[in-house]
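Here the structure is laid out as structure tokens; the discussion comes afterwards.
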């Protein structure tokens, strides 16, 4: 069994289909989706349906799913409508209105039940999964990391931070990984890697490869972390569409990365 993670598909269903076909995860594999399935791209509803279909799938809430729910529950709220529209919600809204009442309620119920964060262990390494990032609070590399302490760290986070934080997360170490390289790594999307590069303290490689394509970045490796990057940025800019964005996926078991570029019309 392998464990795969991706994020921020933003409605580009055909791109996601090609990526999954190439990677070919089996039913026993775990697949983690760190939010922002919807908005901007042409087929957000199909992205949701695909993410619902994973045999061992785990999907987290993103800020775009939260905006969608805010509008659905408050359709006469002009601020909610404006915020969602300005962030590409018109593509999701167009897809939702074509659904039957049963299909719409099924999607709404499922999205409402999505978690804001989670932690897993793969190959002896702990990972904290969130959409946007988190704050260290009073946790540090001196903490004894257990399921209980990681649960507590996530539980005491501010919801707005988990969905929206950028600068304060990407711009400084978490303090969770100690000088022996022990402690949980935080994996997040939300901020496309070219912007992460502008905010980052230290990183292992630029946001774009030699061909100019976005790629996953690892941040924060230093002597204080035993050379281990404490943050991974996996939003490869699919929201930007063709000519700019890709969907990036990482297999945690061996660090293998997979990419699929968004093509014109999808």
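The values are calculated or read from the model by the stated rules, or taken from the named source; none is laboratory data. Since we're looking at a predicted model, the values are computed, not measured. Cβ sites come from the backbone with ideal geometry, for glycine too, and all protein chains shown count toward neighbours.
Is it the case, given these coordinates, that residue 150 is closer than 26 Å to residue 193 by Cβ and assigned to a strand (DSSP E or B)?
The answer is no for residue 150.
Taking into account only those residues within the range 243-253 that are outside any strand (DSSP E or B) and touching a residue at least 40 places away in the same chain (Cβ under 8 Å), which is surrounded by the fewest Cβ atoms within 10 Å (Cβ to Cβ)? Steps first, answer last, please.
Filtering the range 243-253 for residues outside any strand (DSSP E or B) gives 243-245, 252-253.
If we keep only those that are touching a residue at least 40 places away in the same chain (Cβ under 8 Å) as well, we get 245, 252-253.
Working: 245: 26, 252: 21, 253: 13.
In this case the residue turns out to be 253.
Out of curiosity, is residue 70 at pLDDT below 95, over 26 Å from residue 264 (Cβ atoms) and more than 16 Å from the chain's Cα centre (by Cα)?
No, not satisfied.
So which residues in the range 238-266 are touching a helix residue (DSSP H, G or I) at 6+ places or on another chain (Cβ under 7 Å) and within 23 Å of residue 3 (Cβ to Cβ)?
238, 246, 247, 249, 258, 260
Considering only the range 26-43, how many residues are under 13 Å from residue 54 (Cβ atoms) and touching a strand residue (DSSP E or B) at 6+ places or on another chain (Cβ under 6 Å)? Lay out the reasoning, then the answer.
Within the range 26-43, the first condition is being under 13 Å from residue 54 (Cβ atoms), and the residues that meet it are 26-33, 37.
From what's left, touching a strand residue (DSSP E or B) at 6+ places or on another chain (Cβ under 6 Å): 30-33.
Summing the residues that are under 13 Å from residue 54 (Cβ atoms) and touching a strand residue (DSSP E or B) at 6+ places or on another chain (Cβ under 6 Å) in the range 26-43 gives 4.
State all residues of the range 2-40 that are surrounded by fewer than 17 Cβ atoms within 10 Å (Cβ to Cβ) and at positive phi; if no residue qualifies, say none.
Selection gives 24 alone.
Sort out which residues of the range 129-140 are in contact with a helix residue (DSSP H, G or I) (Cβ under 8 Å, 6 or more places away or on another chain) and in a loop (DSSP other than H, G, I, E, B), and write them in order of number. If you could, list the steps in order and put the result at the bottom.
Residues of the range 129-140 in contact with a helix residue (DSSP H, G or I) (Cβ under 8 Å, 6 or more places away or on another chain): 130-135, 137, 139.
Answer for the range 129-140, where residues must be in contact with a helix residue (DSSP H, G or I) (Cβ under 8 Å, 6 or more places away or on another chain) and in a loop (DSSP other than H, G, I, E, B): 131, 132, 133, 134, 135, 137, 139.
Can you tell which of 169, 176, 139 is at pLDDT below 95 and buried (at least 18 other Cβ atoms within 10 Å of the Cβ)? Spell out the reasoning first.
On the way: 169 fails: at pLDDT below 95; 176 fails: at pLDDT below 95.
Just a single option satisfies the conditions, and that option is 139.
Being in a loop (DSSP other than H, G, I, E, B) and either at pLDDT below 95 or more than 21 Å from residue 190 (Cα to Cα) (or both) is the filter here; which residues of the range 79-128 pass it?
The answer is 97, 98, 99, 100, 123, 124.
Filter the range 57-81 down to the residues that are under 26 Å from residue 28 (Cβ atoms) and free of Cβ contacts under 8 Å to residues at least 40 places away in the same chain and list them by number.
Across the range 57-81, the qualifying residue is only 57.
If residue 76 satisfies every condition in (1) at pLDDT 95 or above; (2) assigned to a loop (DSSP other than H, G, I, E, B) but one, which is the exception?
Among (1) at pLDDT 95 or above; (2) assigned to a loop (DSSP other than H, G, I, E, B), the lone unmet condition for residue 76 is (1).
Looking at the range 1-13, is at least one residue at pLDDT below 95 and either over 16 Å from residue 190 (Cβ atoms) or part of a loop (DSSP other than H, G, I, E, B) (or both)?
Yes: one or more hits.
Which pairs have Cβ atoms under 9 Å, sit 6 or more apart or on different chains, and link a residue in the range 167-185 that is touching a residue at least 60 places away in the same chain (Cβ under 8 Å) to one that is surrounded by fewer than 18 Cβ atoms within 10 Å (Cβ to Cβ) and part of a loop (DSSP other than H, G, I, E, B)?
Hits for this filter: 169/135; 170/201.
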